[in-house]
Amino acid sequence: MDSIFKNASFFSEVNDDETGELIQLISTDEENSMREDELPDKLPILPIRNTVLFPGVVIPITVGRQKSIKLVKKAYKGDRIIGVVAQSNNKVEDPGKDDIYKIGTVARILKMIVLPDGNTTIIIQGKQKFGLGDILQEDPYLEATYKELDDEELNANHKASKAVIQSLKEAASKIMKLNPEIPQEAQVALDNIENPNFLTHFLSSNINAEVAKKQKLLEKTDAKERATLLLEYMLKDIQMLELKNEIHKKVHTDIDQQQRDYFLRQQIKILQDELGQDSPDQEIENLRAKGEKKKWPEAVKKHFEKELDKLSRINPQAAEYPVAMNYAEFLVDLPWNEFTEDNFDLKHAKKILDKDHFGLDKVKERIIEYLAVLKLKNDMKAPILCLYGPPGVGKTSLGKSIAESLGRKYVRMSLGGVHDEAEIRGHRKTYVGAMPGKVIQNMKKGQSSNPVYILDEIDKVNSDFRGDPSSALLEVLDPEQNDSFQDNYLEVDYDLSKVLFVATANSLDTIHPALRDRMEVIEVSGYTLEEKIQIAKKHLIPKQRKDHGLKTKDISFSKAAISKIIEDYTRESGVRNLERRIGKVIRFVAKSIAMEEDYNKKIEVEDVVKILGAEVFVKEIYQDNKTAGVVTGLAWTQVGGEILFIESSLSRGKGKLTLSGQLGDVMKESAVTALSYLKSHADQLGIHYKTFDHYDLHIHVPAGAVPKDGPSAGIAMITSLASIYTQRKVKDKLAMTGEITLRGKVLPIGGLKEKILAAKRAGIKDVILCERNKKDIDEIDEQYIKGLNIHYVDTVSEVLDIALLKEKIKNPIKFAFDSEEKKEATV
């Protein structure tokens, strides 16, 4: 407490309506009898705030409430006797029986003053303690019955009482000495009080204590207990004053330096005010205000408050101050449990996905499944999707569509070339230039705790002496542990479990095995010719037309023109180069319009050749088989499927095998395997065993500048060899793909969709596939296999039965050993 005396007149602030200032007065009539007035049977009750009236004490009260003003005016005109009771809840504007204490003091109004502002000030003197009875009325003011309560008086001649009284006076004197704000005249007034009971009432009224504590003193009927409790309160006040003085003495030794710093800071503050900048203290308070609005986890809230307290103790001119300030600002700027509402309208989501991307049915179906589960459960750990496929097929843009369909924020982080672990996990604050990792930085940019987060080119992450970023991503992409992701800079756990991560990759081989295991891989294969035509019509042409300032009426493309661009000027699984070629055509039209030249508004095949020049790519077309040993195979490339010719020829020699056409190891092994199988089954195929020793074999795959590899040319290899050795041609317009074993088994291969489309484009009518590839064909849309006769086989003998014609060619090879055997037979 500041003091038991507020000023020379022993004033203290007492407020009935939180507007008046009350002045404590010492009654000069404390020796008079407390019962000099005849008390009425019932009392008007005046509730007061922030103080307690004790018997014998005179205090002024400013009355502002309408009920209280009516009570005071009526009482002042009558016997001037009222009951004064302290409010137990000082926030209540219209207190009732439950909002006031049950023990109060009967008071007499000595004087009433009406102030110019409409409030009324009364000076009252406490007379007698009373206990509140029944409430008789509440309007126009409280009125109640009461019971007079008597206090035991302290016996000044009793040793114990005398000691307590002396202790009270000594404590009051000590407080006045410790507090320089109390004038010396207060000691004189204290010495003049002789009545022990009035002394306790007066000191109780003037101690700087809460209303509840003063009320407790009033309710004490035992005078000795009341005096002892009062002494306890005063001794605590003495301890507080001594502690303040001790701190003041310690601080005073550094007052000169502090005063200098204070003046300098004040000058800085004035300059900042002139420049419109916040002072350091104001910046901290602004951060604290922002923090109160955040939906912090409890641990993060305590950490943030601790950082602000630490920041307030740092000199703003110190080097660590901006570091600590940046950290606190970053904490408060991060989204904590701030979620956007998911849109569970599955039809709307499907419409968005179909509008933005043509095809990609499996990917769309997976997104709709995720939405459906989330809608039913309303709480689901977000899956980690990995869209895997060649460049330009729309993996990244698909992420935007997912965000739009869900109604979530979209965040993208490019991982291409990331080779430092700190770029994922961040740097510790002890380092110069420390900053959070990209994961947390992008969460701040997204301003949402549940965005769609695109991890672009996750297969391009590199490792070096600075760490392995792939390993740092393991925690980010594990649904079981990313609810407490730890960034080195952040120092507190951050919840990433509600984030929908979508990774993109061109190749799975370079992805860390443990990282790949945490993701659900969805293959985004290349587009077919028909799909590319639809994508060009619905997306690429309108986009390029808009980007180049043209209108729909200015240019259009025929289907044949689009097909020409796709087949002869691009060779890709995606549509990135297709968009560039379309852009070039549209720029030509834009130039013609700007220069007012004539041009064809509908682009045909001839216009495409004129604008883009000669064809860049010449696709392989089927060539009729007039020669034995020529077989058509099917190959998968990153830019789609292609047909592949395999040619074999025999020449006199010693059984040497030659392979050409820039073949890979696997394809060479297929050729060796085919030859071994042919040698072991020569009798069944009608091949003389000496043929392999007297003739050299040459296997060639055209387009030697293009590297070729893979096992899927196995059945094409053995068919080519069987054809050249038996001199039986291969069936017309037939293609095949499949791997072989040394036992003559045909094994399944991949890339069926692209290979089937390549066969259709080349005019193939029959296709030979492994029996176990039938399930892959069933997943392909019927329109892509329409017109193809597909033969499913399980062994090499089945392949040869289907592929080779029965009759030999007109001019078969004449082997030298045939005539030799005839001569031997004659002899």
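The values are calculated or read from the model by the stated rules, or taken from the named source; none is laboratory data. The model shown is predicted, which means the values in this text are computed figures rather than measured ones. Note that each Cβ is placed from the backbone with ideal geometry, even for glycine, and that neighbours are counted across all protein chains shown.
What to note about this one:
- Taking every residue in region 341-368 that is touching a residue at least 60 places away in the same chain (Cβ under 8 Å) and pairing it with any residue that is of a type in the set (Gly, Ala, Ser) and part of a loop (DSSP other than H, G, I, E, B), at least 6 positions away or on another chain, the pairs with Cβ-Cβ distances below 8 Å are 341/407; 342/407; 343/407; 360/394.
- Selection over region 697-719 of residues that are of a type in the set (Ser, Thr, Tyr) and touching a Gly at 6+ places or on another chain (Cβ under 8 Å) gives a count of 1.
- Filtered residues of region 88-135 (kept if among the hydrophobic types (A, V, I, L, M, F, W, C), surrounded by fewer than 18 Cβ atoms within 10 Å (Cβ to Cβ) and touching a helix residue (DSSP H, G or I) at 6+ places or on another chain (Cβ under 6 Å)): 92, 112, 135
Every residue, every condition in (1) within 30 Å of residue 711 (Cα to Cα); (2) assigned by TED's automatic domain parsing to the domain that holds residue 756; (3) at pLDDT below 90; (4) surrounded by fewer than 16 Cβ atoms within 10 Å (Cβ to Cβ), yes or no:
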{"residue": "566", "(1), (2), (3), (4)": "yes, no, yes, no"}
{"residue": "624", "(1), (2), (3), (4)": "yes, no, yes, yes"}
{"residue": "635", "(1), (2), (3), (4)": "yes, yes, yes, no"}
{"residue": "638", "(1), (2), (3), (4)": "yes, yes, yes, yes"}
{"residue": "641", "(1), (2), (3), (4)": "yes, yes, yes, no"}
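- Residue among 358, 339 that alone is touching a Lys or Arg at 6+ places or on another chain (Cβ under 7 Å), farther than 26 Å from residue 444 by Cβ, assigned to a loop (DSSP other than H, G, I, E, B) and not small (Gly, Ala, Ser): 358
- Any chance residue 589 is assigned to a helix (DSSP H, G or I), closer than 20 Å to residue 392 by Cα and β-branched (Val, Ile, Thr): no
- Filter result (over 20 Å from residue 454 (Cα atoms) and either touching a His at 6+ places or on another chain (Cβ under 8 Å) or hydrophobic (A, V, I, L, M, F, W, C) (or both)) within region 359-392: 372, 373, 376
Let's see how each residue does on (1) among the small types (Gly, Ala, Ser); (2) outside the structural domain of residue 149 (by TED's automatic domain parsing); (3) in a helix (DSSP H, G or I); (4) closer than 17 Å to residue 93 by Cα:
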residue: 45; (1), (2), (3), (4): no, no, no, yes
residue: 52; (1), (2), (3), (4): no, no, no, no
residue: 60; (1), (2), (3), (4): no, no, no, no
residue: 67; (1), (2), (3), (4): no, no, yes, yes
residue: 70; (1), (2), (3), (4): no, no, yes, yes
residue: 74; (1), (2), (3), (4): no, no, yes, no
residue: 79; (1), (2), (3), (4): no, no, no, no
residue: 82; (1), (2), (3), (4): no, no, no, no
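- When the test is whether a residue is part of a helix (DSSP H, G or I), hydrophobic (A, V, I, L, M, F, W, C) and out of contact with any His (no Cβ under 9 Å at 6 or more places or on another chain), residue 418 does not pass it.
- Matching residues in region 737-757 - criterion: being modelled with pLDDT under 90 and either more than 30 Å from residue 676 (Cα to Cα) or among the charged types (D, E, K, R) (or both): 753, 754, 755, 757
- Within region 293-320, residues that are more than 27 Å from residue 267 (Cα to Cα) sit with their Cβ atoms under 9 Å from residues that are of a type in the set (D, E, K, R) and not in a loop (DSSP other than H, G, I, E, B), at 6+ positions apart or across chains, in these pairs: 294/301; 296/302; 297/493; 299/493; 300/493; 304/288; 305/288.
- Meets criteria (at negative phi, at pLDDT below 85 and not acidic (Asp, Glu)) for residue 184: yes
- Those helices (runs of 4 or more DSSP H) lying entirely in region 141-225 with at least 1 residues hydrophobic (A, V, I, L, M, F, W, C) and within 30 Å of residue 94 (Cα to Cα): 196-206, 211-219
- Wholly within region 427-543, helices (runs of 4 or more DSSP H) carrying at least 1 residues that are surrounded by 21 or more Cβ atoms within 10 Å (Cβ to Cβ) and touching a His at 6+ places or on another chain (Cβ under 9 Å): 469-476, 529-535
- Every residue from region 294-327 that is of a type in the set (D, E, K, R) and either within 23 Å of residue 487 (Cα to Cα) or modelled with pLDDT under 80 (or both): 294, 295, 298, 301, 302, 305, 306, 307, 309, 310, 320
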